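Here's the structure we're looking at; comments come further down.
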Amino acid sequence: MNIVVLTGAGVSAESGIPTFRGPDGVWENHRIEDVASPEAFLRDPDFVHGFYNARRAALHGVAPNAAHFALAALERAWEGRGDFLLVTQNVDDLHERAGSRRLLHMHGELRQMLCAACGARHPWLTEADTATSCPACGETGLRPDVVWFGEIPYHMEPILAALDRADVFCAIGTSGVVYPAAGFAAQARRNGRGCILYEINPAPTGERYFDHVIAAPAGEGVPEFLRRLGV
Ligand code: OAD
């Protein structure tokens, strides 16, 4: 039995990282078009760097929660039982800190920079600005390695292949409004394998659509999902 899990900002909420939408969400205090688009970076790169520098710095003070650890445990428990893939829309690194390895960051990673000049990627734990030069080619023009609105998400080929083979799909802590991730459940549903769809969210988004809805915060809901899978 093959499993694909999709996580969104809600899986990191109990670690203290704010979600995007809703009261106190990131998009309540920042306009997407000011900080999360290629045009914004062209217009005011230092402002955009400042936004991501602050979010990167905040990662020093947070730790994975029970949901991250449960998903890493599921990956280990599933070895030899079928395929497992964790797809995250999150740019934090809490899944890997909890031990997840079969993980794809479809919206990029806060702790990584991408050089616009040579295309090199670099692990990055500190601040960056327009004067920071690329450790590989020496040019300035580093940008946060995150996918902005209007850009194509990463790893779409292996993600779509995994959805095609999925027998269980589970969406955790995502509002389901940003495509293509918002279409993954439907994609899995259409794969001809009778894929069973789960949602874990304290404010479920797809009660009519998903086969099983666990209406709980991820820290409780993910361990419950594992129990239902017999793990
Ligand atoms: P959202 O902020 O849109 O949605 C967060 C979801 O998490 C909501 O449905 C909440 O009900 C749920 N939630 C809140 N607390 C939770 C908890 N403790 N456990 C489980 N769920 C909880 O975040 P995303 O759906 O991840 O993209 O947003 C998708 C994309 O939009 C992001 O990757 C980002 C954003 O703009 C880019 O920046 C490209």
Calculate, for residue 152 and residue 227, the FRET efficiency according to 1/(1 + (r/R0)^6) with r their C-beta to C-beta distance and R0 41 Å; round to the nearest 0.05. 0.65
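To the nearest 20 debye, what charge dipole does the chain have about its Cα centre, counting +1 at the Cβ of each Lys and Arg and -1 at the Cβ of each Asp and Glu?
680
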Could you give the size of the charge dipole of segment 129-231 about its Cα centre, using +1 on the Cβ of each K and R and -1 on the Cβ of each D and E, expressed in debye and rounded to the nearest 20? 420
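Restricting to bridges with both residues inside the chain, how much of the DSSP beta-bridge set is antiparallel, in percent to the nearest 5?
Bridges in the chain that DSSP calls antiparallel: roughly 30 percent.
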Between the alpha-carbon centers of segment 90-123 and segment 204-231, tell me the distance in whole angstrom. 27
May I ask for the distance between the Cα centers of segment 131-154 and segment 47-64, given as a whole number of Å? 16
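What is the diffusion coefficient of the chain in µm²/s, taking the Kirkwood radius over Cα pairs and the Stokes-Einstein relation at 20 °C with a viscosity of 1.002 mPa s?
Reported coefficient: 117 µm²/s.
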With DSSP loop assignment and no more than 13 other C-beta atoms within 10 Å, the trypsin sites (Lys or Arg not before Pro) in segment 58-150 are 81, 101
Please give the calculated 222 nm ellipticity per residue for the chain, where each DSSP H segment of at least 4 residues contributes -39500 (n - 2.57) and the sum is spread over every residue; nearest 500 deg cm²/dmol? -8500 deg cm²/dmol
Mind checking the angle between helix 218-229 and the chain's longest principal axis? C-alpha axes, 0 to 90 degrees, to the nearest 10. 40
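Where a number appears in this text, it was derived from the coordinates with a stated rule and is not lab data. Worth saying up front: this structure is predicted, and the values here are computed from it rather than measured. Note that each Cβ is placed from the backbone with ideal geometry, even for glycine, and that neighbours are counted across all protein chains shown.
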